[in-house]
Structures are given as structure tokens and as C-alpha cells.
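Down below is the structure, laid out as C-alpha cells.
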Amino acid sequence: MKMEVVDGTFLNTILLLFTTIIISKLILSFILPKSNKNLPPLVPAYPLFGGLHRFMKGPILMLNDVYPKLGSVFTLKLFHKNITFLIGPEVSSHFFKAQETDMSQQEVYQFNVPTFGPGVVFDVDYSIRQEQFRFFTEALRVNKLKSYVDQMVVEAHDYFSKWGASGEVDLKYELEHLIILTASRCLLGHEVRDKLFGDVSALFHDLDNGMLPISVLFPYLPIPAHRRRDNARKKLAEIFANIITSRKNTGKSEDDMLQCFIDSKYKDGRPTTETEVTGLLIAALFAGQHTSSITSTWTGAYLLSNKQYLSAVVDEQKKLIEKHGDRVDHDVLAEMDVLYRCIKEALRLHPPLIMLLRSSHSDFSVKTREGKEYDIPKGHIVATSPAFANRLGHIFKDPNRYDPDRFAVGREEDKVAGAFSYISFGGGRHGCLGEPFAYLQIKAIWTHLLRNFELELVSPFPEIDWNAMVVGVKGKVMVRYKRRELSVNQ
Ligand code: HEM
């Protein structure tokens, strides 16, 4: 009996609340001036979980479906959040060029904080982050790159000297391993590369596995993968603290990114702390390792499946051998235009970072190439997609075809529609700082392979692994090799 009274009262309260909300909404819609904002069209989705469902099925699948219907600007409702997509160079320039006060990375990339650690990158204000990016820029200047290249060449030579006269390998596995070694040498320093490689690789492995799709939404969720990540982060901090102290005590300076970060100073003269140095190195490795190894593998898969381009890069190597002999250094790699275009085209078709995000802090509007104008209110998350935008048919001719010549003088499809036509490395205010390093590393590896081996792809052309955080190659990429020494007259 008592229960019925409670139920009745409860029901009446709900009804009253519901009616009040509806009436207030109706009154407000008459009183408030009508917004003359032209909001982007909404992606059709069922209420509440519809947006999430569409997104979780794969963002590229959703874009493939939605772009032809809604055009280059549209909004997806994900719970209480609005994600507005800006696809193509005509509408994405504000995304790339806006000031941090208008369009920021901090909120949307917060999930990196437990991995990179405290006091760096997305854990600090923009003014500090800008200074830390200055440290990156300095560590990646041409004079530094020159010494990194020498180390890359040695690493590639040593690694492939372990291959036999002929055989079969999983190219993906081989390139992943080689790039961990090179990155260790150039970025983390010889102490890690020579003595602590096993320990540090295992810890980085735990850091890597601690960044899951769920971590983007709940970075501190108490799950085993996150616990392992946090332990690994602590142990790495101890290892680097020891290395930094020992370098400072001996006063010995090395040619690596670690040394650059140790020597870096903020504008007010403050030197970097050990925690910051460790965090910046982890950030560098996360930015550059998988991205580069994935791109090396795609480059190989395309070259070995397109004899025309394989011959073109081999011919280029022969010309350079004729000109420079065996010398492979920064300046020789810089002359490899054909190889550059082959890597760039693999990266156009398969950018490892498929979605770039910002949080908008002020209203802005965009105009599509069809002349439609949309207003995007502040508070929206704003997204663009290299994986989708790099294959737009009105920018790239026959966009799904591997055609490195599209970047050659006379065609230059990556520039025809302006700066943001080709966005594998992002662009504008936050364009990739490691782009030259990445190209040099991939070129150094492929130069060694092309000059020393005949290669043949023996597994089917690989598929894309959409499930990975850094989108890469699915399964093995089996390659048959036979040693050779490339000479000018071959
Ligand atoms: C093929 C290899 C690589 C690809 C595809 C790539 C891609 C990108 C992209 C798309 C961005 C922009 C992110 C955004 O706008 O939200 C970016 C930023 C960045 N990348 Fe790379 N990257 C690569 C290699 C590297 C390497 C080797 C390093 C360093 C050693 C590096 C360091 C950075 C840094 C520091 C930023 C942040 C720049 C800023 O926010 O101002 N990247 N990268």
C-alpha cells in the first residue's frame, strides 16, 4: 500500500518535470531570437548510442558513407559531444592554421599524458609546450640530422648483414625491429642501444600496449594494461635519470636527441628536468617509431608490386653509385627524388595517423568548394582525416592508384589545391616536426635493401589493419631475397 503511494508521487513528479521542460522549451523558442547560424548537417544516427555505434564501426567506413551524401562538412553527435568533420583542403585551413586559443590539441590528446608522463607536451600549458616543441625542432636541425643519418646507415648495414645469401623473411617484422634499433641509437642514445636495449624495449612494449582505443576515452581506467603502462613509465624514468646523471657527471656530450634535450633551456634560463627529458624522448618515440616502420613496409609492398617503380628506384641508385661511389649520407639521400616520391605516395595511400583532432574554443565558419557556408560553434570537437582526404578524387587523379609520378614536376597534385591537399604529416601550426627525419630513415633503409638484395613479394598484397591505434599493415609481408651487389653496369 505504502509502495503505491510512493510510486504515484514519483510518477506525478516525473510528469510535472517533463511537462515543465516541454513548456519552457516552447516558451524559449518564441522568446529567444532565432539563431541565424547555418550549422553543418548531422550524420544520421539513432539517438544516444547511434553516433558511437557509427564511429566504432570504423571512422573511415563512416566517412565513405557520409561524405557523398552530406559533403565536406558535417557533425556527428557522440553522446553529449559534437564532432564536426572538415574534409578536404577547401574547408580544413582553419583547422590547421588557427591559434591555439581558438583551436587546441590539449583536451583531445589528453589520453597521451599517462604514457608521456608529467610535465611534458599535453600535460603543460601551450606556452611551455611551444618551448618543448622548440627543443624538438632544434634536435632535428639539419646538422643533427646529418649525424643521425650516419648512425642509421650503420644500423641498417649491421642489421641486414645478419641475413643469409638468400631466404624468406617477414618484411614487416624485420623493418619494425630495425627501426626500433635505429630510433634507440639516434634518439635514446648509445647507453640504451648498446647496454640496455632489451630492458628498455620491453618497457616500451608495455607502454605501447597500454595505449588502447579504450584509453582514449578512459586513460586512467584501472585495467592490467594501464597498470603495466604505469609501471613501465616509472622504470623508464629511473633508467633515464641514471643515464642523464652519468652524462652530466662525466661531462661527455653525445650526438643524439637525448643530449639535445639534456642541453635544452627554457626562455627563462631554466634547464630541462630529468622527468621532462624522459617524457620528451617517449613522445618522440611514440611520434616516430610506428609511423616510420609502417611507412617503410608499405613502401616495400608497393615497390615490389610495381616493377615500373622498382626499376626506377634501382636506376636512381645506380646513378648515385656512379656519382658518389658507396657513400650514403644525408646529402646523397637528399638527391633521391624518385625514392622520395615512392615513399610519399605510399604514405598518401596509407597515412598511419588516420584522424587528427582539435577542440574549438571560438565560433568559426567555413565555405565548401560548392559555395555552401557553415557555422561551427565553439565547443565542438573538430576532426579531419588524412586517410580520407588523401584520396579525394578532385585533388588526386585516380586516387586509389599507386602513382608516385603524381608528385613530379609538372603534376604536383599535392600542391594544386593548396597547402592542405596532402596531410599525412598534418600541416600548418602543428605540422610534423619529424618529417625530414622520417624520410631520411626510410630512404637509408631502402637504399641498403635496393643496393644489396633482389627482392620479391611472395605473400598477397597486404591489407590495412584498421584496428591499431597507429593504423598499419595487417598480417605478414613475406619477401624472398637474394644477395647482390648493385653496380653501375648491372
Ligand atoms: C612517417 C612518419 C611520420 C608521420 C606519418 C607523422 C605524422 C604526423 C602528423 C599527422 C602530425 C600532426 C598531428 C596533428 O596535427 O594533430 C605529426 C606531428 C608531430 N610529429 Fe610526426 N610523423 C612521423 C614521424 C615523426 C618523427 C620521426 C618524429 C620525431 C622524431 C615526429 C615528431 C612529431 C612531433 C613532435 C609532432 C607535433 C608537432 C606539433 O604539434 O607542433 N614525427 N606527425
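Total residues in segment 164-185 satisfying the condition of being of a type outside the set (A, V, I, L, M, F, W, C) and either touching a helix residue (DSSP H, G or I) at 6+ places or on another chain (Cβ under 9 Å) or not assigned by TED's automatic domain parsing to the domain that holds Ile282 (or both): the figure is 7. Evaluate the following for Val473: is it closer than 28 Å to Leu86 by Cα, open to solvent by less than 70 Å² (accessible area, probe 1.4 Å) and either within 17 Å of the chain's Cα centre (by Cα) or of a type in the set (A, V, I, L, M) (or both)? Taking the combined requirement at face value, the residue satisfies it. With respect to Asp230, is the statement that it is away from the ligand (no atom under 16 Å from the Cβ), within 17 Å of Ala283 (Cα to Cα), open to solvent by 40 Å² or more (accessible area, probe 1.4 Å) and at pLDDT 95 or above true? Yes, satisfied.
Residue-level analysis places Ala165 outside the set of residues that are at pLDDT 95 or above, more than 13 Å from the ligand (Cβ to nearest atom) and open to solvent by less than 40 Å² (accessible area, probe 1.4 Å).
In segment 43-67, the residues that are not assigned by TED's automatic domain parsing to the domain that holds Gly393 never reach a residue that is of a type outside the set (A, V, I, L, M, F, W, C) and not in a loop (DSSP other than H, G, I, E, B) with C-beta atoms less than 9 angstrom apart, at least six apart or across chains. Every test in (1) surrounded by 22 or more Cβ atoms within 10 Å (Cβ to Cβ); (2) more than 16 Å from the ligand (Cβ to nearest atom) is passed by Gly393 save one, and that test is (1). Screening Pro271 against (1) at pLDDT below 95; (2) surrounded by fewer than 17 Cβ atoms within 10 Å (Cβ to Cβ) leaves a single unmet condition, (1). Can you tell me how many residues in segment 421-447 are closer than 20 Å to Ala183 by Cα, more than 7 Å from the ligand (Cβ to nearest atom) and open to solvent by 30 Å² or more (accessible area, probe 1.4 Å)? Residues in segment 421-447 being closer than 20 Å to Ala183 by Cα, more than 7 Å from the ligand (Cβ to nearest atom) and open to solvent by 30 Å² or more (accessible area, probe 1.4 Å): 1 in total.
Just one of the listed residues (Phe85, Phe96, Phe136) is open to solvent by less than 40 Å² (accessible area, probe 1.4 Å), modelled with pLDDT of 95 or more and part of a strand (DSSP E or B), and it is Phe85. Segment 283-376 holds strands (runs of 3 or more DSSP E) entirely within its bounds, and those carrying 2 or more residues that are more than 23 Å from Phe136 (Cβ to Cβ) and at pLDDT 95 or above map to 364-367, 373-376.
With respect to Phe197, is the statement that it is among the aromatic types (Phe, Trp, Tyr) and within 15 Å of the ligand (Cβ to nearest atom) true? Talk me through it step by step, then tell me what you get.
Details: among the aromatic types (Phe, Trp, Tyr): yes; within 15 Å of the ligand (Cβ to nearest atom): no.
No, not satisfied.
Of the residues screened, Asp398 is not one that is more than 16 Å from the ligand (Cβ to nearest atom), farther than 26 Å from Ile83 by Cα and surrounded by 20 or more Cβ atoms within 10 Å (Cβ to Cβ).
The values are calculated or read from the model by the stated rules, or taken from the named source; none is laboratory data. Source: prediction; values computed, not measured. Please note: Cβ atoms are built from the backbone with ideal geometry, for glycine as well, and neighbour counts cover all protein chains shown. Remember, those area values only see protein heavy atoms, side chains included, never the ligands or the DNA or RNA. Shrake-Rupley method; radii C 1.70, N 1.55, O 1.52, S 1.80 Å.
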